[in-house]
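Report on the structure given below.
The values are calculated or read from the model by the stated rules, or taken from the named source; none is laboratory data. As the structure is a prediction and not an experimental result, all values here were calculated from the model. Note that we place each Cβ from the backbone using ideal geometry, even for glycine, and neighbour counts take in every protein chain shown.
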Amino acid sequence: MVNFNPFELPEELVAQVTHHLSANELASFVRTCKTSHRIGYDSLYSMTIAELRRVIDWAMLKNQAQTMIHLFRYNWRIAAKHPNLAHGPLHYACKKGEAALVRILLDSGLLPSMSNSRQSFPPLETAAMYGHTEVVRILVEARATAGTHNFSENFSIICRGQPDRLEIARLLVSHGINVNELDEGGNNFMHHACKRTPSSAGTTCNVKLLLDLGLDIDGLNGNRETPLALASRCRSSDVVRLLVTRGADVNAVGPDGQSPLQALLSESEDPYEIAKIILNGGAVITVDSGLHLIRHAFLNDWPRTIAHLVTAWRDQVSDLHCPDPNLVFCATAGAGDVVFLMQLLERGDMDPNCEVEGKTALVAAAESVPNGALSFLIPHVSNYDK
């Protein structure tokens, strides 16, 4: 053990002496008081690069962030000279959200955007993808910038299908991520999000995030399609509802001359929920477009969509004298709208036995059970064979 009073000597000399103490003596010395610990910590915690690497690997494997904090706090000089030691810990800290470790590594002189081939994304993007707002903020304050990525990679960095990511997204946009870039088909992030499988609330979260970032809700892609048209085609009812609620143009005409409502005709199943959202959102139907929609829904046995379309026809067209009164009458019967049936019959020239493609109004009403139109029609019809 030392046989002199070290505190009577200059601290620089005492620090040099500590390098020559044995491990046990050094441990005893630094436990003496705060001053001795401050003087001797460099020697106490000094490790070779190989030793540091082994402990770092172990700490990352065992999720021991505090161990790495101590290592880099007391070995910052070595870390500054050998920044490759900190690549793995920085990526680990960004992935796990260990803000204190990120600060220690940056204080050691590590560049905030530094990465290597073992990590798929730089630190800023990694922290953002895992949703660690504080870490993203620390890196941005340290002047980290986003790397260069392709469209799909940038989309996956911004759009994680999770709520409460607006601050992270704004930080990324202000530091290099371009949410207005286009893919090969001329789709921006909004179009890309609306085209994705509507399997969960994640798609809705992405669309909401992009709207909050200021992307055009009615912007056209390379095929001159709006996000609403794409979401409607993909049967993303939650996304359609969000877009309509946020003010999407429900009457925007696509390159084929069809509105989002007319685009639903390509569906193989009854798109009643999306049809209802679009109609309630202000979709306009005319005599021609209304008859076209009603005929398609009637021939495809889409009773719930028929009901929405008949209501829209009654409210918007309000013209009992149309080019195809039989279609309107049979569809109204299938929709179960007794009041509108009465109005149609009151015209005086409406045949209650009429049919469309072999299906009478009575059959249409019978197929849509329960349906008050069936009991209403029975006294008015004379043909029960079809």
Failed item in (1) under 17 Å from the mean Cα position of the chain (by Cα); (2) closer than 15 Å to PRO260 by Cα; (3) surrounded by 17 or more Cβ atoms within 10 Å (Cβ to Cβ), with ARG233 passing the rest: (1)
So HIS91, is it within 24 Å of the chain's Cα centre (by Cα), farther than 23 Å from ARG170 by Cβ and crowded, with 22+ Cβ neighbours inside 10 Å: yes
Members of the range 233-258 found to be under 16 Å from CYS194 (Cβ atoms), small (Gly, Ala, Ser) and either modelled with pLDDT under 95 or part of a helix (DSSP H, G or I) (or both), listed by number: SER236, SER237, ALA252, GLY254
Residue match in the range 376-386 (condition: surrounded by 19 or more Cβ atoms within 10 Å (Cβ to Cβ) and under 46 Å from the mean Cα position of the chain (by Cα)): no
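Just the residues that are among the small types (Gly, Ala, Ser), over 23 Å from ASP270 (Cα atoms) and either within 48 Å of the chain's Cα centre (by Cα) or in a helix (DSSP H, G or I) (or both), please, taken from the range 326-363.
Here is the first cut: in the range 326-363, the ones among the small types (Gly, Ala, Ser) are 331, 333-336, 348, 358, 361.
When the remaining residues are screened for being over 23 Å from ASP270 (Cα atoms), the result is 348.
Of everything in the range 326-363, nothing turns out to be among the small types (Gly, Ala, Ser), over 23 Å from ASP270 (Cα atoms) and either within 48 Å of the chain's Cα centre (by Cα) or in a helix (DSSP H, G or I) (or both).
Does VAL239 satisfy being farther than 23 Å from ASN178 by Cβ and buried (at least 17 other Cβ atoms within 10 Å of the Cβ)?
No; evaluated as a whole, the condition is false for this residue.
Checking the conditions here, which among ALA373, ALA366 is touching a helix residue (DSSP H, G or I) at 6+ places or on another chain (Cβ under 7 Å), part of a helix (DSSP H, G or I) and in contact (Cβ under 8 Å) with a residue 40 or more places away in the chain?
ALA373
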Filter result for ASP351 (touching a residue at least 12 places away in the same chain (Cβ under 8 Å), of a type in the set (Asp, Glu), in contact with a helix residue (DSSP H, G or I) (Cβ under 6 Å, 6 or more places away or on another chain) and in the same structural domain as ASN300 (by the TED database)): no
Members of the range 220-259 found to be farther than 16 Å from PHE189 by Cβ and of a type in the set (Val, Ile, Thr), listed by number: VAL240, VAL244, THR245, VAL250, VAL253
Which numbered condition LEU264 fails, given (1) at pLDDT below 90; (2) assigned to a helix (DSSP H, G or I); (3) over 24 Å from PRO323 (Cβ atoms): (3)
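Under 14 Å from ALA142 (Cβ atoms), modelled with pLDDT of 85 or more and surrounded by 15 or more Cβ atoms within 10 Å (Cβ to Cβ): is that true of ALA99 in this structure?
So ALA99 passes the test.
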Any hit, the range 228-248, residues being without any contact (Cβ under 8 Å) to a residue 12 or more places away in the chain and hydrophobic (A, V, I, L, M, F, W, C): no
Pick from the range 267-301, criterion outside any helix (DSSP H, G or I) and among the charged types (D, E, K, R), ranking: farthest from SER232 (Cα to Cα): ASP301
